[in-house]
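Participant: My questions all concern the structure below.
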Amino acid sequence: MTVSKKTLEDLGFPQVRQMIASHCLTCEGKARLGFDDFIGDRTLLLERQHIVDRLRALLQRPHTEKPEAFPSLEPVLEEFDRTYQSLDGICLLASAEYVDSSRKLLDFLCLDESEPSLGSSLSEHLIPELLQYAEKATQVLDGDGKVKESYPSIRKLLEAADASRHSRTDYARKFIKGHVDAMRDQPETVRDGRLVLPVRSDAKSRVDGFVHSASASGNTIFMEPYKLVEYNNQVVLAEQQVQIEIARILSELSQQLKSLETELRVLSSVVTQIDCLYAMAVWSVDQHCTQTLLEEAPSPVRLLKARHPLLGQKAVPITIDLKENIRAVVLSGPNAGGKTVTIKTVGLFVLLNQLTGFIPCSEGSALPLFSGLYTDIGDEQSISDELSTFSGHMHNLAQILRGCTDSSLVILDELGSGTDPAEGGAIACGVLDYLAVHAGLSLITSHQVSLKHKAYISPSMMNASMEFNEDSHLPTFNVIQGLPGDSHALDTAIRMKLPDEVIEAARRYLGSDNLQMGKIIKELESRQREAAWKAKELEERERQLSELRRQIDLHELQVRQKEHMLKVSQSTELSRYVRESRSRLEKLVSDVATGKLTKEKTQAVKTFIADIGEKQADFSDQLDKEETELHARNMKGSKPVLSVGCHVLCGSLKKEGIILSAAGRDKWEVGIGSMRITLKEKDLEPIDKQEPQSQKVNVSYLSSSPRPKLCIDVRGLTLEQALDALQRQIEACMVHGLSSFQVIHGLGNGILQTGITRYLKQDQNIKDFHFAKPDDGGMGKTYVEL
């Protein structure tokens, strides 16, 4: 994407880049982010947008720890160029901490198990050798980059040095006690790293040794007896051994790290790239950004409630929706009304979109991808180049017109200003014509009437204006599309408290034509606001209807859940009753089978049968009651009006019939062909064929409808006869509300079994079917559920 440094500064991008970079984990990421990172290829930008979106998802997970900040690797990489010396402990420790932070960053990325590629690049370059180096350096070095005294080889040498110092101190103190008359009343001291004894100057001949120095007064001589020389040498040698071991360890770590220089540089490059994307994700979450719909030019520009990130809480959300055929927009309106902020916001969001794929807008915002972005904003006056304001604008404008393409975005502020209004307007119209052909999209702010007129008559151009409150005489900073704006210069002058005489004179100089044009614009603005209000009202009504539909759907779902729970509850209760009844029946059979058949045994059997009948009636009544209640809830007040003589559709098969008489609460006797059956009101749907209630219905030809059987036996029948019997059984079950039955077809040569299975699979009224258990007929019997 072609964009100059001046354009970036015009749009305030450096400040926004700094906001994003503040979230970087590495110094290298902060330095690199935002430079040459704008993507013009849709596929590549979609990939980046996807990665940023996955990072946002990780950041927004509850109780997720963010990665740690990285130490700067720049001093280490600079030290690599100095191959003649070892790296110091600080650089070695920084390298180890950088590798360890990379490992923690990889752990963070791997939290997203659905997107393993998120950390694949980092995992590939975080090789075991680097991890081994980091582990060893951490074991050896402390937080200041010094070799730990607890390191085994150093600890051993330090213990030896401490022993030498103790031996030296013991000797010195014994020597002082043996030569008290020659010593000053003060302890031994260290001069130039060697332990010396304070000897009186008049007694130095009594001590055999070397003189190191004397006190300022000359009364004390600091001497090193010959035997103490040997002890001092032992201490010095022991301390040198410690330093030699430290130098060896640092040299060994340096060589190990230098052998991994290439791998460390590559790791730094990968981490920097990930860090930039991570900062984009953190910033987009903080700014409540949404994912942009990436469109290919030419395409619409749609920014919904765009909030300029530099304005913070003061930002007034801006909405702009440009159709794909619009190539230029002329934005007019009052001074200080937000025109410049609006076009800067669009330009900045184009940059942010092609940098991150996310912008601080509402969901549904869309932007095309531009190959270049050009701006002419602000005062272009230059004393050094001897350019006036107008000349500066023309110089910049010439470069823009030479460089723009049909996929470029051009932003021009106050086009045609700074010179004679007539000539400036003519040049502005010429520029607008050129840009409408050679640029992808142009956003222009101007007060030129000629530009407003050209944008009004051209189908590829559009007027837009900044709304102005006529009551408060203040701008609202809202964008009104399709209408030119009045400059409201007089209102601004009044607000700035110019003398009344000046205001009145200005009104006279304006003339009636300009006043009439302003009145027309105000009238158009008023109609636009009225249309917007009506559109908002329609949107609210649509929202209410949508909410009502949602509530109805929810109610329907609740009813279905209630039906399911009722069926489950009844099934459970019935199963329990069947188990208890089976146990009672087995006991009764056992009692009857043993001994004589007595009156008491017979009565027990009759009681058992009566209990079963009573329980069945209770179940039927309860089921009828609950089904009626559910049916009433489903009908929602639209209960059908039924009466004798009404033509109705019956059951799920929608057989046409006629009501013959009432058969009790919510039940009717219905004639269907040659059958007379009793159905519940919920299973009847009235149709238009209505006969007067007073009309007599001839029902002499009707007979009682066949009731379904719990089990039908089709053995010995042909396949055609068996299927006919099966069809009649299903129809009878549907009419009488029986939900299951059994079919005995036997095994034989499998013709009946295969044919019946194929028929049940094709029948839409069948919910499920399966063979019986081995002890109940096995594959010779089929259970059917409707």
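Participant: Between residue 57 and residue 15, what is the spin-label point distance in nm, taking each point 7 Å from the Cα along the Cα→C-beta axis?
Facilitator: 3.5
Participant: With every protein chain in place, what's the accessible area of residue 766 (1.4 Å probe, Å², nearest 10)?
Facilitator: Probe radius 1.4 Å; accessible area of residue 766 about 20 Å².
Participant: Now, a different point. Taking a ≥ b ≥ c as the square roots of the eigenvalues of the Cα gyration tensor of region 92-196, is the shape rounded (a/c under 1.5), prolate (a/b larger than b/c) or oblate?
Facilitator: Note, shape of region 92-196 comes out prolate.
Participant: Give me the net charge for the shell around residue 261: Cβ to Cβ below 15 angstrom, other residues only, Lys and Arg +1, Asp and Glu -1.
Facilitator: Taking every Cβ under 15 Å from that of residue 261, the sum is -3.
Participant: Can you work out the accessible area per residue across region 17-102, with the rest of the protein chains kept in place, probe 1.4 Å, in square angstrom?
Facilitator: 52
Participant: Per residue, how much accessible area does region 709-776 show when a 1.4 Å probe rolls over the protein heavy atoms, in square angstrom?
Facilitator: 63
Participant: Excluding residues fewer than 8 places away in the same chain, name every one of the lysines whose C-alpha is closer than 21 Å to that of residue 606.
Facilitator: Straight-distance partners of residue 606: 587, 596, 615.
Participant: Let me ask something else. Please say if region 1-103 is rounded, prolate or oblate, where rounded means a/c under 1.5 for a ≥ b ≥ c the square roots of the C-alpha gyration tensor eigenvalues, and otherwise the choice is prolate for a/b larger than b/c and oblate otherwise?
Facilitator: Because a/c hits 1.5 or more and a/b fails to exceed b/c, region 1-103 counts as oblate.
Participant: Fully extended, how many nm does the chain gain between residue 74 and residue 258 (0.36 nm per residue separation, minus their Cα-Cα distance)?
Facilitator: 64.8 nm
Participant: Once fully extended, how much extra length lies between residue 641 and residue 44, figured as 0.36 nm per residue of separation less the alpha-carbon to alpha-carbon distance?
Facilitator: Full extension of this stretch gives 208.4 nm more.
Participant: Just how far, in whole angstrom, is region 14-61 from region 427-445 if you go by their alpha carbon centroids?
Facilitator: Rounded to whole Å, the Cα centres lie 33 Å apart.
Participant: Report the full-extension gain for the segment residue 212 to residue 662: residue separation times 0.36 nm, less the Cα-Cα distance, to one decimal in nm.
Facilitator: Net length gain for the segment: 148.7 nm.
Participant: Would you mind counting up the charge near residue 108? Only other residues with Cβ under 11 Å from its Cβ, with Lys and Arg at +1 and Asp and Glu at -1.
Facilitator: Taking every Cβ under 11 Å from that of residue 108, the sum is 0.
Participant: A further question on this structure: Largest first, how would 533, 283, 668 line up by accessible area (1.4 Å probe)?
Facilitator: Result, largest first: 533, 668, 283.
Participant: Rounded to the nearest 0.05, what FRET efficiency do residue 709 and residue 685 give with R0 = 25 Å and r taken as the Cβ-Cβ distance? Could you check?
Facilitator: FRET efficiency, residue 709 to residue 685: 0.35.
Participant: Could you check the simple spin-label distance between residue 772 and residue 736, using points 7 Å along Cα→Cβ, in nm with one decimal?
Facilitator: Roughly 1.9 nm, to one decimal.
Participant: Given a 1.4 Å probe and every protein chain left where it sits, what share in percent of the accessible area of region 177-220 is carbon and sulfur?
Facilitator: The C+S portion of the solvent-accessible surface of region 177-220 is 45 percent.
Participant: May I ask you to rank 665, 550 by accessible area, largest first, using a 1.4 Å probe over the protein chains only?
Facilitator: 665, 550
Participant: Given a Förster distance of 22 angstrom, what is the FRET efficiency for residue 335 paired with residue 500, based on the Cβ-Cβ distance and rounded to 0.05?
Facilitator: Efficiency, from the Cβ-Cβ distance: 0.65.
Participant: To the nearest 10 square angstrom, how much accessible area does residue 745 have with a 1.4 angstrom probe?
Facilitator: Solvent-accessible area, nearest 10 Å²: 10 Å².
Participant: Rank 675, 1, 183, 565 by accessible area, highest first, at a 1.4 Å probe radius?
Facilitator: Descending accessible area places them as 565, 1, 675, 183.
Participant: With a point put 7 Å past each Cα toward its Cβ, work out how far residue 186 is from residue 534 in nm, to one decimal.
Facilitator: Placing both labels 7 Å beyond Cα along the Cβ direction yields 10.5 nm.
Participant: If r is the Cβ-Cβ distance from residue 219 to residue 174 and R0 is 25 Å, what FRET efficiency results, to the nearest 0.05?
Facilitator: Efficiency, from the Cβ-Cβ distance: 0.55.
Participant: Here's something else I'd like to know. May I ask which of 314/339; 682/709; 654/682; 314/452; 305/536; 66/136 have a Cα-Cα span longer than 18 Å here?
Facilitator: Long pairs (Cα-Cα over 18 Å): 682/709; 314/452; 66/136.
Participant: Run the 1.4 Å probe and let me know the accessible area of residue 48, rounded to the nearest 10 Å².
Facilitator: For residue 48, the solvent-accessible surface is approximately 40 Å².
The values are calculated or read from the model by the stated rules, or taken from the named source; none is laboratory data. What you see is a predicted model, and the numbers here were worked out from it, not measured in a lab. Here Cβ is always computed from backbone atoms with ideal geometry, including for glycine, and neighbour counts include all displayed protein chains. Ligands, DNA and RNA are excluded from the accessible area calculation, which covers all protein heavy atoms including side chains. Shrake-Rupley method; radii C 1.70, N 1.55, O 1.52, S 1.80 Å.
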